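Visitor: Dropping a structure here in structure tokens format, bear with me for questions.
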Amino acid sequence: MKFMGFLLLVAGWAIVLGAMVILPGGTPRAVFVLAGAGVEAVGLGLAIRAHAVSKGAFR
């Protein structure tokens, strides 16, 4: 689960960078940048949650 969170972080960066390069300025670029940021936030949350769960298992 932690690995999937880190993969989502990388995927979010790829979406943002791809949108900056491929799409023209304006609304389409902004929408994809926000979508990429959302994917990164989900990945970060998943990685943090998985890390917290794994630390709690050793107690």
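Visitor: Return a yes/no flag: does the stretch 9-24 have any residue that is of a type outside the set (Phe, Trp, Tyr), in a loop (DSSP other than H, G, I, E, B) and either at pLDDT 90 or above or open to solvent by less than 60 Å² (accessible area, probe 1.4 Å) (or both). Steps first, answer last, please.
Guide: We begin by selecting, within the stretch 9-24, every residue of a type outside the set (Phe, Trp, Tyr); these are 9-12, 14-24.
If we keep only those that are in a loop (DSSP other than H, G, I, E, B) as well, we get 23-24.
From the residues that got through so far, the ones that are either at pLDDT 90 or above or open to solvent by less than 60 Å² (accessible area, probe 1.4 Å) (or both) too are 23.
Looking for residues that are of a type outside the set (Phe, Trp, Tyr), in a loop (DSSP other than H, G, I, E, B) and either at pLDDT 90 or above or open to solvent by less than 60 Å² (accessible area, probe 1.4 Å) (or both), one finds at least one in the stretch 9-24, hence yes.
Visitor: Continuing with the same structure: For the stretch 37-59, which residues satisfy the criterion of being assigned to a helix (DSSP H, G or I), of a type outside the set (A, V, I, L, M, F, W, C) and modelled with pLDDT under 90?
Guide: If the condition is that a residue be assigned to a helix (DSSP H, G or I), of a type outside the set (A, V, I, L, M, F, W, C) and modelled with pLDDT under 90, then ARG49, HIS51, SER54, LYS55, GLY56 are the ones that fit.
The values are calculated or read from the model by the stated rules, or taken from the named source; none is laboratory data. All values derive from a computational prediction rather than experimental measurement. SASA here: full protein model, heavy atoms, side chains in, ligands and nucleic acids out. Shrake-Rupley method; radii C 1.70, N 1.55, O 1.52, S 1.80 Å.
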